[in-house]
Amino acid sequence: MRRRTGLAMAGAAALAWGEWLNWRWSRTLVRNGEGPAEAVVVLGFRNPQARANVINRWRVRAGIRSIATGSAHGTRVIFSGGATNGGASEARVMADYAKSVLGFDGTVLLEEQSATTWENITNVIPLLEDADHIKIASQPAHALKARAYLRRQRPDLAEKLVRADDYRPGEWVVVKPLFAVYGLWALRGLDLKADERKISP
């Protein structure tokens, strides 16, 4: 009985830890943005098949729900990701899902050359130049890594970063501890505290 209680408590602690880390990451390196020109960048995940896989489907949904209320037609949604194994690009697969399944009919732009997160940011920068605020949608740790990369490549554009709707309590709750472990590994070596100090008040 004690062993079961201990396992249950450990499981609950792991779930709470995963929730907290993902919540914190979703709110790091962002500020409050203003202005009508909104850009939402959706980062792709490896997708060798012709249809969007479960990760890319979720990222597209997170990107679409990140659009500010009443701004669907004033927002550009940028899908970023190159081809896997010579098939369709991650960007195109995600855009097809957004249009054909989710019924999104707003402005869509494709960035189809990137193979890494650093390249995602490098290649979408020309599409962000005139945006008033920028949202990056992915799993929270991955989106944070991309925001940190934008701060390194273009700190002026990083000042326009605002929070995407890529964290919701209880969503992916069982796997959030795994996302948290992966996130800690993926974010290693990034001085996020120094980046936070650089954000204008």
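Of note:
- Residues located in the range 26-54, provided they are closer than 14 Å to Glu90 by Cβ and basic (Lys, Arg): Arg46, Arg51
- Complete set of residues in the range 140-156 that are under 15 Å from the mean Cα position of the chain (by Cα) and either of a type outside the set (Lys, Arg) or open to solvent by less than 10 Å² (accessible area, probe 1.4 Å) (or both): Pro140, Ala141, His142, Ala143, Leu144, Ala146, Arg147, Ala148, Tyr149, Leu150
Quick grid of which residues meet (1) assigned to a loop (DSSP other than H, G, I, E, B); (2) at pLDDT below 95; (3) within 22 Å of Thr107 (Cα to Cα):
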| position | (1), (2), (3) |
| --- | --- |
| Ala39 | no, no, yes |
| Pro48 | yes, yes, no |
| Arg57 | no, no, yes |
| Ala68 | yes, yes, yes |
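- Number of positions in the range 169-190 that are open to solvent by 30 Å² or more (accessible area, probe 1.4 Å), part of a loop (DSSP other than H, G, I, E, B) and in contact with a helix residue (DSSP H, G or I) (Cβ under 9 Å, 6 or more places away or on another chain): 8
- Taking every residue in the range 144-160 that is on the phi < 0 side of the Ramachandran plot and pairing it with any residue that is in a helix (DSSP H, G or I) and open to solvent by 50 Å² or more (accessible area, probe 1.4 Å), at least 6 positions away or on another chain, the pairs with Cβ-Cβ distances below 8 Å are Tyr149/Trp118; Arg151/Lys198; Gln153/Thr122; Pro155/Lys198.
- Sole exception among (1) buried (at least 16 other Cβ atoms within 10 Å of the Cβ); (2) under 26 Å from Ala13 (Cβ atoms); (3) under 16 Å from the mean Cα position of the chain (by Cα) for Lys160, by number: (2)
- Leading residue by the ranking (surrounded by the most Cβ atoms within 10 Å (Cβ to Cβ)) among those in the range 97-126 that are over 15 Å from Val41 (Cβ atoms) and not hydrophobic (A, V, I, L, M, F, W, C): Tyr97
- A residue that is in contact with a Ser or Thr (Cβ under 9 Å, 6 or more places away or on another chain), in a loop (DSSP other than H, G, I, E, B) and touching a residue at least 60 places away in the same chain (Cβ under 8 Å) can be found somewhere in the range 110-133.
- Close pairs (7 angstrom Cβ cut-off, 6 or more residues apart or separate chains): over 20 Å from Ala164 (Cα atoms) in the range 73-102, open to solvent by less than 20 Å² (accessible area, probe 1.4 Å) and in a strand (DSSP E or B) anywhere: Gly82/Ser89; Ala83/Ser89
- Residues in the range 26-57 that are closer than 11 Å to Ser138 by Cα and open to solvent by less than 10 Å² (accessible area, probe 1.4 Å): Ser26, Val40, Val41, Val42, Leu43, Asn56.
- Residue match in the range 83-97 (condition: modelled with pLDDT of 95 or more, of a type in the set (Phe, Trp, Tyr), outside any helix (DSSP H, G or I) and in contact with a helix residue (DSSP H, G or I) (Cβ under 9 Å, 6 or more places away or on another chain)): no
- Selection of first residues in the range 170-198 that are over 24 Å from Ala14 (Cβ atoms) and of a type outside the set (A, V, I, L, M, F, W, C) and of second residues that are open to solvent by 70 Å² or more (accessible area, probe 1.4 Å) and at pLDDT 85 or above, restricted to Cβ pairs under 6 Å at least 6 apart or on distinct chains, gives an empty result.
- Looking across the range 74-96 at every residue that is within 9 Å of Glu112 (Cα to Cα) and polar (S, T, N, Q), the one that is surrounded by the fewest Cβ atoms within 10 Å (Cβ to Cβ) is identified as Ser89.
The values are calculated or read from the model by the stated rules, or taken from the named source; none is laboratory data. The structure presented is a predicted model; accordingly, all values stated were derived computationally and were not measured. Note: ideal-geometry Cβ built from the backbone for every residue, glycine included; neighbour counts use all protein chains shown. Side chains included, ligands, DNA and RNA excluded: accessible areas come from the protein's heavy atoms. Shrake-Rupley method; radii C 1.70, N 1.55, O 1.52, S 1.80 Å.
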